[in-house]
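Trainee: Could you have a look at this structure, given as structure tokens, before my questions?
The values are calculated or read from the model by the stated rules, or taken from the named source; none is laboratory data. Source: prediction; values computed, not measured. No Cβ is skipped: glycine too gets one built from the backbone with ideal geometry, and neighbour counts run over all protein chains shown. Ligands, DNA and RNA are stripped out before the accessible areas are found, and what is left, the full protein with its side chains, is counted by its heavy atoms. Shrake-Rupley method; radii C 1.70, N 1.55, O 1.52, S 1.80 Å.
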Amino acid sequence: MPKTIVVKQIGSPIRRPQEQRATLIGLGLNKMHKTRELEDTPSVRGMIAKIPHMVEIIEERD
């Protein structure tokens, strides 16, 4: 089973550039305090790195 990470949205997309909003939607987040369990891949880590002020990694699972 691949490694996964749990990501939580902590910032609002209001008054943010369209690129940052699209990154949130790409991660499957669209409402405050929503969490998603995602596969831990370099592309997902890169998306998180683009918007660190809007998301946080809650936990990493093996």
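Trainee: Could you tell me whether any residue of segment 31-45 is in a loop (DSSP other than H, G, I, E, B) and of a type in the set (A, V, I, L, M)?
Mentor: Yes, there is a match, as at least one residue in segment 31-45 is in a loop (DSSP other than H, G, I, E, B) and of a type in the set (A, V, I, L, M).
Trainee: Of everything in segment 28-54, what is surrounded by 12 or more Cβ atoms within 10 Å (Cβ to Cβ) and polar (S, T, N, Q)? Give them in sequence order.
Mentor: Answer for segment 28-54, where residues must be surrounded by 12 or more Cβ atoms within 10 Å (Cβ to Cβ) and polar (S, T, N, Q): Thr35, Thr41.
Trainee: Name the one entry in Ile57, Ile25, Ile5 that is assigned to a strand (DSSP E or B), open to solvent by 40 Å² or more (accessible area, probe 1.4 Å) and either out of contact with any helix residue (DSSP H, G or I) (no Cβ under 9 Å at 6 or more places or on another chain) or in contact (Cβ under 8 Å) with a residue 40 or more places away in the chain (or both).
Mentor: Answer to the selection: Ile57.
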